[in-house]
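Inspection log for the structure reproduced underneath, given as structure tokens.
What follows is calculated from the coordinates using simple rules that are stated; it is not laboratory data. These numbers come from a predicted model, not from an experiment. Cβ sites come from the backbone with ideal geometry, for glycine too, and all protein chains shown count toward neighbours.
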Amino acid sequence: MESGYKIQWTDHALSELKQHFDYLEANWTKKELKNFARELEHILELISKNPAIFQASQHHKNIRRAVVYKHYSLYYRTKGKTIQILSLFGNRQNPADKKV
């Protein structure tokens with residue numbers, strides 16, 4: 001992926017990514033999983049080229065949210081020339097469980 005900004009996943013976000021992929025592998029078809037991975041990669045590419053492309057969070061103006069399909073939201077922030085991925089949140093979860 002060519003970009004102007006480096007993508008960096010936090011430990012928390014990587015943990016959520018693994019947890020969600022484990023769930024999706026068990027419950028989605030391989031085609032659906034492949035499409036999800038492709039969409040996530042596309043979102044990351046868009047963010048790396050233009051970090052301000054997605055809306056700012058209502059509660060934290062320095063954090064932005066990108067919807068990956070309708071099931072997941074990716075929360076991130078910019079620090080210098082680095083994009084920090086903070087969370088991959090399942091939109092069907094209780095919003096109070098969100099840790100951004």
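Descriptive notes on the structure:
- Between the Cα long axis of helix 11-27 and the first principal axis of the chain there is an angle of about 30°, rounded to the nearest 10.
- The candidate values were (1) 54, 24, 23; (2) 56, 27, 18; (3) 38, 34, 22; the one computed from these coordinates for Cα extents along the principal axes in Å carries the label (3).
- Distance (nanometres) between label positions extended 7 Å along Cα→Cβ at Lys18 and Gln84: 2.1
- Out-of-range pairs (alpha-carbon distance over 25 Å; input Lys34/Lys79; Lys6/Lys34; Lys30/Lys81; Lys30/Lys70): Lys34/Lys79; Lys30/Lys81
- Taking Arg38, Arg64, Arg77 in turn, the Gaussian network model of the chain (Cα-Cα springs below 10 Å) assigns the largest fluctuation to Arg38.
- Working note: Karplus 6.51/-1.76/1.60 with θ = phi - 60° gives the stretch 32-41 the couplings 5, 5, 5, 5, 4, 4, 5, 5, 4, 4 Hz, where Gly and Pro are set to x.
- Label-to-label distance, Thr10 versus His59, with points set 7 angstrom from Cα along the beta-carbon direction: 1.2 nm.
- In range of the label at Asn27: residues from the stretch 55-94 whose backbone nitrogen is under 12 Å from the point 7 Å along Cα→Cβ: 71-72, 90-94
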